[in-house]
Amino acid sequence: MFKYIHAADIHLDSSLRGLERYEGAPVDEIRSATRRAFDNLIETAIEEGVAFVLLAGDLYDGDWKDYNTGLYFVQTMGRLRDAGIRVFIVAGNHDAASQITKHLRLPENVTRFSTKKPERVVLEDLNVAVYGQGYSKRAVTDDLSDLYPQGDPHLLNIGLLHTCLDGKPGHEPYAPCTVEGLRSKGYQYWALGHVHKREVVSQEPWIVFPGNIQGRHIREAGPKGCTLVTVEAGEIVEVEHRDLDVMRWSLCELDVSTSETVDDIYEQVREGLQSWLDAAEGRPVAVRLVLQGACSAHSTLHVDRDRWIQEYRALATGLGGAGIWLEKVAIKTKPSISFDEVIERDDALSGLLRAIRDMELDVSALDELADEISALRQKLPAELLGGDDPFDPTNQDLLKDNLADIKELLVNRLLSTDKGA
């Protein structure tokens, strides 16, 4: 029996541009997170006594200014060498842009597969064959797997490949291939990389995206880590996920439709944040809090939105433990009263609501509105227009969202007027 680890998309020392603009962001913790998660990978490999480690691309994060990241990697590979653990690497699209990848010499326990054609390495002591090919350039649009050799029926065959497979949302369509094409090679395990969300695509054979080892922003939420594979008598008998992340990103969506008052919602938020903190098992947590659902407290929330956002931030700060930070608070509740009932009233605010509704339905009107505010875009700071959550005031979807927010404010004003009458 032996074990091996499959990991991918390490993105060592990944740059997190624009993070400082977020209030209360744990900048230092987030910036060091990928390196500390990789330390956890090394520790897991040594503790489990694995025979080898597979790294399926994007070890680095593009071209770096100095060699500190590469030197750190060489040091960690030395630890695995001292433990008798071999390492197999294919270059991904980010690695192809890195000068470190091209020139840094690695310890003798590390095999870096060619970027020109598929190669095979046979581990005679384990009856294992590992196949791989890396990226020679950032944008690889050919099916690299097509030229991989057929598997040897007398060996356990493992394919190492950085690929989008048949296309994944949010990821560049690099080295596309099909499940059927991978199966046709006769391998028992395909160790894939490029997609940052863990997915077991197939079990016959095993085709696995382990996901990245550390979330870097809210689109990489949830537990992150590697895949640990156990082999007995030449057959794969267990494939399991192992957490490696040192801080966690979580999307906390709360349906507050059953809450009668803002105090009820506050308690629901407290319980929700505490549950996410508990689930992180001692890790710091960065949370995007989203309140949704139709509730009677909708008007109060929206009229004093800024106050309640700060209340929830203060609540998170006071929870203690490893720490929880609200990356963003989105209040997307709806009034318990029907919008159609409000818009049919005969007053000035209802008339304005009808005009906004008509603009939402009129594509040409939205185009004209986008043209009118295009000059505003040029005056916005660059960090607002870029990063992981960019703001583009000319985007029609964003305009529609803003019109929806304006409608909410008008409805709130009407409801507030009714309460004061």
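Just a few scattered comments:
- Apart from one condition, residue 200 fits all of (1) part of a loop (DSSP other than H, G, I, E, B); (2) touching a strand residue (DSSP E or B) at 6+ places or on another chain (Cβ under 9 Å); (3) not hydroxyl-bearing (Ser, Thr, Tyr); the exception is (1).
- Against the numbered list (1) at pLDDT 95 or above; (2) surrounded by fewer than 19 Cβ atoms within 10 Å (Cβ to Cβ); (3) of a type outside the set (S, T, N, Q); (4) out of contact with any helix residue (DSSP H, G or I) (no Cβ under 8 Å at 6 or more places or on another chain), residue 185 comes up short only at (4).
- Residue 190 vs. criteria touching a strand residue (DSSP E or B) at 6+ places or on another chain (Cβ under 9 Å) and either surrounded by fewer than 16 Cβ atoms within 10 Å (Cβ to Cβ) or in the same structural domain as residue 159 (by TED's automatic domain parsing) (or both): yes
- Of all residues in the stretch 214-230, those being in contact with a strand residue (DSSP E or B) (Cβ under 6 Å, 6 or more places away or on another chain) and either modelled with pLDDT of 95 or more or not assigned by TED's automatic domain parsing to the domain that holds residue 57 (or both) number 7.
- Some residue of the stretch 33-46 being modelled with pLDDT under 85, over 22 Å from residue 108 (Cβ atoms), within 25 Å of the chain's Cα centre (by Cα) and of a type in the set (Ser, Thr, Tyr): no
- Flag for residue 160 being over 20 Å from the mean Cα position of the chain (by Cα), surrounded by 20 or more Cβ atoms within 10 Å (Cβ to Cβ), at pLDDT 95 or above and in a strand (DSSP E or B): yes
- The stretch 38-55 - residue that is among the small types (Gly, Ala, Ser) and not in a helix (DSSP H, G or I) and, of those, surrounded by the fewest Cβ atoms within 10 Å (Cβ to Cβ): 49
- Here residue 205 passes the criteria (1) within 27 Å of the chain's Cα centre (by Cα); (2) in contact (Cβ under 8 Å) with a residue 24 or more places away in the chain except the one numbered (2).
- Among the conditions (1) part of a helix (DSSP H, G or I); (2) under 18 Å from residue 328 (Cβ atoms), residue 292 misses just one, which is (1).
- Entry remark, the stretch 65-92: residues being closer than 26 Å to residue 192 by Cβ and polar (S, T, N, Q) number 2 in total.
- Residue check for residue 180: acidic (Asp, Glu), over 29 Å from residue 49 (Cα atoms) and at pLDDT 95 or above: yes
- Which numbered condition residue 238 fails, given (1) under 30 Å from residue 213 (Cα atoms); (2) in contact (Cβ under 8 Å) with a residue 12 or more places away in the chain; (3) not β-branched (Val, Ile, Thr): (2)
- Subset of the stretch 124-146 (residues that are among the aliphatic types (A, V, I, L, M) and either modelled with pLDDT of 95 or more or not assigned by TED's automatic domain parsing to the domain that holds residue 231 (or both)): 126, 128, 129, 130
- Taken over the stretch 213-251, the criterion of being over 20 Å from residue 194 (Cβ atoms), in a loop (DSSP other than H, G, I, E, B) and out of contact with any helix residue (DSSP H, G or I) (no Cβ under 6 Å at 6 or more places or on another chain) is satisfied by 233, 234.
- Residues of the stretch 254-269 satisfying the condition of being of a type outside the set (Val, Ile, Thr) and touching a helix residue (DSSP H, G or I) at 6+ places or on another chain (Cβ under 6 Å): 254, 259
- Hey, residue 149 at pLDDT 95 or above, loosely packed, with under 14 Cβ neighbours inside 10 Å and over 26 Å from residue 39 (Cα atoms) or not: no
The values are calculated or read from the model by the stated rules, or taken from the named source; none is laboratory data. This one's a predicted model, so the numbers in the text were calculated from it and none came from an experiment. Ideal geometry is used to build each Cβ from the backbone, glycine not excepted, and the neighbour counts take in all protein chains shown.
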